[in-house]
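Q: Below: one structure in structure tokens.
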Amino acid sequence: MKTKKLNSTSSTDMVAAANMLNKGGVVAVPTETVYGLAANAADEDALSKIFEAKGRPANHPLIVHIADASHLTHWARDIPPQAYQLAEAFWPGPLTLLLNKQPHISSIITGGLDTIGLRNPAHPVMLELLHLTQLAVAAPSANPYKKLSPTTADQVFETLAGKIDAVLDGGPCEVGIESTILDLSSEQPTVLRPGPITASQIANVLGTPVAVPENHDVAVPGNVEAHYQPSKPMLLLSTEQLKDQLANRSDGTVCVYYSAELKDLMTDEDEVMSADKVAYAQSLYHTLYQMDQSAAQCIWLELPPSTDEWRDVHDRLNRAGSRLI
């Protein structure tokens, strides 16, 4: 298969991408979080192509992207009022709602579960595609399974060319971290995957506590122990640990850090990150991808602050690397 490069600034290319999706193709598309591997959520053959391209296990559920909250009832049943409260507050945006699925929904989407993840994405290109196709699309991150999520079209093309129909370039992703997944299928609202929308933000809207378990065994996207990984080994270090280790590092080690106090200890090959959480998250996957493409043999990363705001970043890093004990 020859993978086409399309550009979202071209109306012709946008129509071409929409036609591919309507014909059962798989197209990598931009969202505000990361690039997604989109296919018609009502077409089982198209959905199967996503799993094949990614090398993703069949029991790993997909998130369905819808044009707005009015489409919820087609996909989900017994929808609590909380879902509409949160859609009003955060959609379009990086919040996925886990709800009880309608009986007619394919088990391919849900990984055989009775629940379905739904979200209304904020990226204008993705929203335009939903309008052009009149479809809902499944769109997991456009990366080989367990590897770094892509935040640029070039990264998608370099890792999935020959396995999908096209890559639609919509520029770098604005958020850079996958959506928050909130379970509303039972009485207690529960964050099953931390993301840009925090538990405290959700609780403020709902006026009720939101559970945030440190670990759980619910099958949702991203909930495997090893995930979002660069190909090279990555060691996660506190600021003090990194200071101590720098004197002993080899030539094959590159550092990713954010603390200003470490700047004078670093080399030109090392990468400094923003201390601002939003900017840090936006550039994280792209930075790690660049480090992966470098001549370095391993990556040392300074862990960012351990606050609720940074919970999603820590979740991704803990699945991508190992800690120095």
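Q: In a GNM of the chain with a 10 Å cut-off on Cα contacts, which of GLU261, GLU178, GLU271 has the highest mean-square fluctuation?
A: Fluctuation is largest for GLU261.
Q: Give me the lysines in straight-line cross-link reach of LYS147: C-alpha distance below 27 Å, same-chain residues under 8 apart excluded.
A: Hits, sequence-local ones excluded: LYS2, LYS4, LYS5, LYS49, LYS54, LYS163, LYS232, LYS277.
Q: Quick check: pseudo-label points 7 Å beyond the Cα along Cα→Cβ at MET1 and ALA89, how many nm apart are they?
A: Spacing of the two 7 Å Cα→Cβ label points: 3.9 nm.
Q: Which translational diffusion coefficient, to the nearest whole µm²/s, is obtained for the chain from the Stokes-Einstein equation, given a Kirkwood hydrodynamic radius over C-alpha pairs, 20 °C and 1.002 mPa s? Please report the intermediate quantities before stating the final value.
A: On the way: Rh = 20.2 Å.
Answer from the Stokes-Einstein relation: 106 µm²/s.
Q: Roughly how many whole Å is it from the C-alpha centroid of region 235-310 to that of region 162-189?
A: The two parts, judged by their Cα centres, are 25 Å apart.
Q: Counting only helical runs of four or more DSSP H residues, what would the 222 nm mean residue ellipticity of the chain come to if each run contributes -39,500 (n - 2.57) and the total is spread over all its residues?
A: Computed ellipticity for the chain at 222 nm equals -9000 deg cm²/dmol.
Q: Normalised by the residues of the chain, what does the relative contact order come to in percent, with Cα pairs under 8 Å and at least six apart?
A: 21
Q: While we're on this one: According to the Cα gyration tensor, what semi-axes, each the square root of 5 times an eigenvalue, does the equivalent ellipsoid of region 38-94 have, listed from largest to smallest in whole Å?
A: 26, 12, 11
Q: With labels modelled as points extended 7 Å from the Cα through the Cβ direction, what inter-label distance (nm, one decimal) is found for ASP251 paired with ARG319?
A: 3.7
We did not get these values from a lab; they are worked out from the coordinates using the rules stated. Quick caveat, the model's predicted, so the values are computed rather than measured. Glycine also receives a Cβ, built like all others from the backbone with ideal geometry; neighbour counts cover every protein chain displayed.
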